[in-house]
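Participant: One structure, pasted below without further comment.
Please treat every number below as a calculation from the coordinates, not as lab data. If you're wondering where the values come from, they're calculated on a predicted model, not measured in any experiment. Neighbour counts run over all protein chains shown; Cβ positions are idealised from the backbone, glycine included.
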Amino acid sequence: MRKFLRLSKSDQRLLIAALWELLFVRLALSLGRVQIADGWRQSRPNSEQSRDRIAWAVTTASRIVPRATCLTQAVAAKRLLERHGYDCALQFGVVKESAHELRAHAWLESDGRIILGQKSSGEFTPLR
């Protein structure tokens, strides 16, 4: 709590927004009903919050949300980024673990770079 109180008011608001978004997405995923883009978007990016700061808030808040998987984080971050006017793409990839097992991963890209959920050095083959 002390760390939270030492943050700027802007970061506190962003962290709370990220926590609520993660909780919403986690619940929606558990019910099988998630909307990746909510349709409410600013026409241009909000200069108050950068893409990196939004990704930081989602990653930080995910530490206290049970089962906040890479998919939960990527969808929550996408919704927040789009709400702040940023374009981003939700990416999915797989890697073959054994003859009968695949492992999946989700990450978020914006302006040609990964901003949330490292792709593990190319380990995952992106799904198109």
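Participant: Once the Cα atoms of helix 51-61 and of the chain are each reduced to a long axis, what angle between those two axes, in degrees from 0 to 90 to the nearest 10, is obtained?
Facilitator: For 51-61 against the chain, the angle is about 80 degrees.
Participant: Find the relative contact order for the chain and round it to a whole percent, using C-alpha pairs within less than 8 Å whose residues are 6+ positions apart. Kindly include the intermediate steps, with their values, before the conclusion.
Facilitator: Details: 176 pairs, mean separation 30.0, N = 128.
Reported relative contact order: 23 percent.
Participant: A further question on this structure: Given Cβ point charges of +1 (Lys, Arg) and -1 (Asp, Glu) and nothing else, what value in debye, to the nearest 20, does the dipole of the chain about its Cα centre take?
Facilitator: On the way: 21 positive and 12 negative charges, 86 e Å.
Rounded to the nearest 20 debye, it is 420 debye.
Participant: Quick one: divide the alpha-carbon radius of gyration of the chain by 2.2 N^0.38 Å and tell me what you get. Mind showing how you got there, number by number?
Facilitator: Working: Rg = 15.1 Å, N = 128, 2.2 N^0.38 = 13.9 Å.
This ratio for the chain stands at 1.09.
Participant: Now a separate question. Once both axes come from the Cα atoms, what is the angle between helix 70-83 and the longest principal axis of the chain, in degrees from 0 to 90, rounded to 10?
Facilitator: 40 degrees
Participant: Would you mind calculating the gained length between Gln118 and Arg53 on full extension (0.36 nm times residue separation, minus the Cα-Cα distance), in nm to one decimal?
Facilitator: 21.8 nm
Participant: For the charge dipole of region 60-124, defined by +1 on Lys and Arg C-beta atoms and -1 on Asp and Glu C-beta atoms about the Cα centroid, which residue among Ala104, Cys70, Gly93 has the Cα displaced farthest towards the positive pole?
Facilitator: After comparing all options, I get Cys70.
Participant: Now, a different point. As a footprinting exposure proxy, order Lys96, Lys3, Lys78 by other Cβ within 10 Å, with the fewest listed first.
Facilitator: Going from least to most buried by this count: Lys3, Lys96, Lys78.
Participant: Would you mind telling me which residue in Ala68, Ala18, Ala89 has the biggest mean-square fluctuation in a Gaussian network model of the chain, where springs connect alpha carbons within a distance under 10 angstrom?
Facilitator: Ala89
Participant: Any aspartates and glutamates with Cα under 20 Å of the Lys3 Cα? List them, leaving off those in the same chain fewer than 8 positions away.
Facilitator: Cross-link targets: Asp11, Asp52.
Participant: Nearest 10 degrees, 0 to 90: what angle lies between the long axis of helix 9-31 and the longest principal axis of the chain (Cα atoms)?
Facilitator: Long axis of 9-31 versus the principal axis of the chain: about 40 degrees.
Participant: Here's a follow-up. State, in angstrom, two size descriptors of region 70-112 derived from its alpha carbons: Rg to one decimal place and Dmax to the nearest whole number.
Facilitator: For region 70-112, the Cα-based Rg and Dmax read 13.0, 43 Å.
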